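Asks: Here it is, the structure, as structure tokens.
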Amino acid sequence: MDKRDLKIIIELDKNPRESYSIIGKRVGISKQAIKSRIDNLISTNVITTFITFSNMNALGIIATKIFFSFQDLSHSKKQEIITFLKNEKIVGGLMIFEGHYDLFTGIMAQNQLDLDDFISRFYNKYSNHIKEKKIVTLADSAVFPRGYLDEKKIKPYTKPKHFFVHPINRVELKLNDYKILGILTSNPLISWTDISRQTKIPLQTVISRYKFMEKNGVIDGFGILLNEAIFVSYVLMVELNNLSEDTRNSIMRFAKGHPNFILAVRIVGEWNYEFGIEGVNLQECLKAIDDFKKEFSHVIRSYVPLLLTKVEKMQNYKAN
């Protein structure tokens, strides 16, 4: 990768659906060269996944994360567990770690019984291998641009994206909305024309219903995941001893401004916050974690850093 590739990644981080022409103007090369470079970033697995950010709360989804550590687990059994979780429709996220926990699975449940049924099925199948679990529910989220990719390590001024946030207005979606959202979740880069062709919904209706969902906070933009073997990534779980509004505001200002903090999730459960931290190397990530510890040492009760080794699944809406 060269500097132009990094500039392209920065633009795709803002909006991967942006046209080649516009990205080309911002980077300073032709749209044909932009397409060639983006195709190369995808084929070489620098960019691993494109994401549609849909607001799970607006869709009536109870968003829960379960962190597992295992015992007496062979490589083949671990792969069996990963395959089992990936194939579950209720599982929206699955990340593999090095650290105190082996993985987390994000659950998209419509109600608490759905969640309990899933946990029961998983326990019945793998209880002998489960050493520890921690369950947290999501209260709010913010996804920030990757400021660390910029030469000056400055985040661009953009509104955070969300995959779980309290919507301003509760809206009733139509069947066509769910069809459009399901396709965008599976393929965030698909054209409006192809959505129209696949769903047999008129093109202008597809565009107008998308704009309706965007305006009402159901869809909150698009993003990318980068190869964790190239860009080092940590998940940092934090428990605080002070939950005042001033503390929460200070933490969000810090995360919003720090070039290596790309995610902040307010959670309820064992911890109070989950942060996503990325860098071009291990030292950069460790320094970012240390920056946070120094800034908030007076309110941190405990923290758990987890080195991300593989994103196995990532979506925040399940199409029926």
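The values are calculated or read from the model by the stated rules, or taken from the named source; none is laboratory data. Since the structure is predicted, the reported quantities are computational estimates derived from the model, not experimental observations. So basically every Cβ, Gly included, is an ideal-geometry build from the backbone, and we count neighbours across all protein chains shown.
Asks: When segment 245-264 is examined, which residues are found to be surrounded by 16 or more Cβ atoms within 10 Å (Cβ to Cβ) and hydroxyl-bearing (Ser, Thr, Tyr)?
Replies: Within segment 245-264, 247 is the sole residue that qualifies.
Asks: Looking at this structure, is residue 165 within 20 Å of residue 54 (Cα to Cα), out of contact with any strand residue (DSSP E or B) (no Cβ under 8 Å at 6 or more places or on another chain) and either not aliphatic (A, V, I, L, M) or not assigned by TED's automatic domain parsing to the domain that holds residue 83 (or both)?
Replies: When the stated conditions are applied, residue 165 does not pass them.
Asks: Let me ask something additional. Being outside any loop (DSSP other than H, G, I, E, B), of a type in the set (A, V, I, L, M, F, W, C) and surrounded by 14 or more Cβ atoms within 10 Å (Cβ to Cβ) is the filter here; which residues of segment 266-305 pass it?
Replies: Within segment 266-305, 267, 275, 277, 285, 286, 288, 289, 292, 300, 304 meet the criteria.
Asks: Here's a follow-up. Tell me whether segment 27-49 contains one or more residues that are under 24 Å from the mean Cα position of the chain (by Cα), of a type in the set (S, T, N, Q) and under 21 Å from residue 92 (Cβ atoms).
Replies: Yes: segment 27-49 contains one or more residues that are under 24 Å from the mean Cα position of the chain (by Cα), of a type in the set (S, T, N, Q) and under 21 Å from residue 92 (Cβ atoms).
Asks: Tell me yes or no: at least one residue of segment 48-71 is under 30 Å from residue 27 (Cα atoms), in contact with a Ser or Thr (Cβ under 8 Å, 6 or more places away or on another chain), touching a residue at least 12 places away in the same chain (Cβ under 8 Å) and of a type outside the set (A, V, I, L, M).
Replies: Checked segment 48-71: at least one residue is under 30 Å from residue 27 (Cα atoms), in contact with a Ser or Thr (Cβ under 8 Å, 6 or more places away or on another chain), touching a residue at least 12 places away in the same chain (Cβ under 8 Å) and of a type outside the set (A, V, I, L, M).
Asks: Looking at segment 102-135, which of the residues that are hydrophobic (A, V, I, L, M, F, W, C) and assigned to a helix (DSSP H, G or I) is nearest to residue 83 (Cα to Cα)?
Replies: Filtering segment 102-135 for residues that are hydrophobic (A, V, I, L, M, F, W, C) and assigned to a helix (DSSP H, G or I), the one nearest to residue 83 (Cα to Cα) comes out as 122.
Asks: Applying the selection to segment 193-242, what residues are among the charged types (D, E, K, R) and assigned to a strand (DSSP E or B)?
Replies: Hits for segment 193-242 are 220, 239.
Asks: Take residue 211 and tell me if it is over 27 Å from residue 310 (Cα atoms), modelled with pLDDT of 95 or more and surrounded by fewer than 16 Cβ atoms within 10 Å (Cβ to Cβ).
Replies: yes
Asks: In segment 1-40, what count of residues is obtained for those that are free of Cβ contacts under 8 Å to residues at least 40 places away in the same chain, part of a helix (DSSP H, G or I) and either surrounded by 19 or more Cβ atoms within 10 Å (Cβ to Cβ) or not β-branched (Val, Ile, Thr) (or both)?
Replies: Number satisfying all stated conditions: 21.
Asks: Something else about it: Any residue that is within 30 Å of residue 259 (Cβ to Cβ) and modelled with pLDDT of 95 or more - is there at least one of those in segment 118-130?
Replies: No.
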